[in-house]
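**Student:** Sending over a structure as structure tokens; questions will come in a sec.
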Ligand SMILES: [Zn+2]
Ligand SMILES: [Zn+2]
């Protein structure tokens, strides 16, 4: 059996383009959709199994990437945006009508401050960076999307697409967070490499 991971990867992953320079995200409203213009490609695009990231109803994972906040602008429908959870570290700005998340933004001191979180499937353009790993895979069990006995089969399917699986973020991103904490604590050591 194969799991419905996400419509944009279920039939294989299409590589992005190094020369791609951005595009426009649209919410799902048929009339007066919110549009967000991104003036660069995304970074760290990945499949995320956490409970907070927006995903289509049939999907087990969200596909989410980051972009510098300076590269993101709301080009229409700003009055339809609301913040899903004001208490969350990532303030997810969603459409009041169709509930699609348009971008997530961090407003507090954080390793990822300055980066916005976006879902490039909301764009019709081709060339966005492809997903490169899967994060928070075990969280799909907590949400009742995957049975504990199915988790390894889900990981196998993700790896088959070339996505290494983690139950947190990828090691590179976890290191960025840890380095931020060490710097704050004054414990960041200099490299001897
Ligand atoms: Zn909408
Ligand atoms: Zn997530």
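**Student:** For the stretch 172-193, what are the residues that are in a helix (DSSP H, G or I), surrounded by 11 or more Cβ atoms within 10 Å (Cβ to Cβ) and out of contact with any strand residue (DSSP E or B) (no Cβ under 8 Å at 6 or more places or on another chain)?
**Tutor:** Residues satisfying the conditions are 174, 175, 176, 177, 178, 179, 180, 181, 182, 183, 184.
**Student:** Filter the stretch 32-42 for residues that are more than 9 Å from ligand 1 (Cβ to nearest atom) and in a loop (DSSP other than H, G, I, E, B); which is nearest to residue 67 (Cα to Cα)?
**Tutor:** Once the filter is applied, the top-ranked residue is 42.
**Student:** Out of (1) within 16 Å of ligand 1 (Cβ to nearest atom); (2) in contact (Cβ under 8 Å) with a residue 24 or more places away in the chain; (3) in contact with a helix residue (DSSP H, G or I) (Cβ under 7 Å, 6 or more places away or on another chain), what's the single condition that is false for residue 103?
**Tutor:** (3)
**Student:** To continue, here is another question. Any residue in the stretch 77-97 that's under 18 Å from residue 122 (Cβ atoms) and without any contact (Cβ under 8 Å) to a residue 24 or more places away in the chain: show its pairings with residues that are in a helix (DSSP H, G or I) and away from ligand 2 (no atom under 16 Å from the Cβ) at Cβ separation under 9 Å, as long as the two are six or more apart or on different chains.
**Tutor:** Final answer for the pair search is 96/79; 96/80.
**Student:** Give the residues of the stretch 113-131 that are in a loop (DSSP other than H, G, I, E, B) and away from ligand 2 (no atom under 15 Å from the Cβ), sorted by residue number.
**Tutor:** Within the stretch 113-131, 113, 114, 124, 125, 126, 127, 128, 129, 130 qualify.
**Student:** Could you tell me which of the residues 48, 29 is at pLDDT 95 or above, surrounded by 13 or more Cβ atoms within 10 Å (Cβ to Cβ) and farther than 21 Å from residue 129 by Cβ?
**Tutor:** Just a single option satisfies the conditions, and that option is 29.
**Student:** Right, residue 110: loosely packed, with under 14 Cβ neighbours inside 10 Å and either within 16 Å of ligand 2 (Cβ to nearest atom) or part of a strand (DSSP E or B) (or both) or not?
**Tutor:** It is true that residue 110 is loosely packed, with under 14 Cβ neighbours inside 10 Å and either within 16 Å of ligand 2 (Cβ to nearest atom) or part of a strand (DSSP E or B) (or both).
The values are calculated or read from the model by the stated rules, or taken from the named source; none is laboratory data. On a predicted model such as this, the values are computed, not experimentally measured, just so you know. Don't worry about glycine lacking a Cβ; one is built from the backbone with ideal geometry, like all the others, and counts go over all protein chains shown.
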